[in-house]
Amino acid sequence: MITSLIYYISQAGDTEDAKGFFSQLAHQAPRYQESMMTIAQKLAQIGRQEGLREGLEKGRNEGRQEGIYMVARHLLHSGADRALVKASTQMSDEELDRLV
């Protein structure tokens with residue numbers, strides 16, 4: 001029961017110093033120290049997973065955008081119609097200007 005309560009507090013609470021929160025809590029209640037550290041480790045793992053997911057998503061988006069720029073640049077240098085490249089890539093005139 002206490003483990004569930006601590007987990008709830010850690011999820012619902014809004015603190016910028018989660019590590020300090022758990023350390024202080026562990027200091028105040030030594031018999032629950034192991035449970036609290038396990039919860040802290042789980043929360044840290046969740047944070048790492050969320051960070052990894054966000055990083056991968058950002059990388060995919062940047063890669064996709066770079067691919068669009070590369071194709072547009074090649075099309076323009078090959079003499080493709082600018083209006084067609086603009087419509088196909090949904091790039092602005094300013095973005096296309098930077099490619100040539």
Quick check on the stretch 5-27. Is at least one of its residues modelled with pLDDT under 80, touching a Gly at 6+ places or on another chain (Cβ under 8 Å) and of a type outside the set (Lys, Arg)? yes
Pairs where the first residue, in the stretch 84-95, is closer than 11 Å to Tyr69 by Cα and the second is modelled with pLDDT of 95 or more and small (Gly, Ala, Ser), C-beta under 7 Å, 6+ apart: Val85/Ala72; Thr89/Ala72; Met91/Ala72
Within the stretch 28-44, the residues that are more than 18 Å from Ser4 (Cβ to Cβ) and either modelled with pLDDT of 70 or more or outside any helix (DSSP H, G or I) (or both) are Ala44
Pair list, Cβ under 7 Å, 6 or more apart: the stretch 58-70 residue within 23 Å of Val100 (Cα to Cα), other residue of a type in the set (S, T, N, Q): Ile68/Thr89
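The values are calculated or read from the model by the stated rules, or taken from the named source; none is laboratory data. The structure displayed is predicted, hence computed values, not measured ones. Note that each Cβ is placed from the backbone with ideal geometry, even for glycine, and that neighbours are counted across all protein chains shown.
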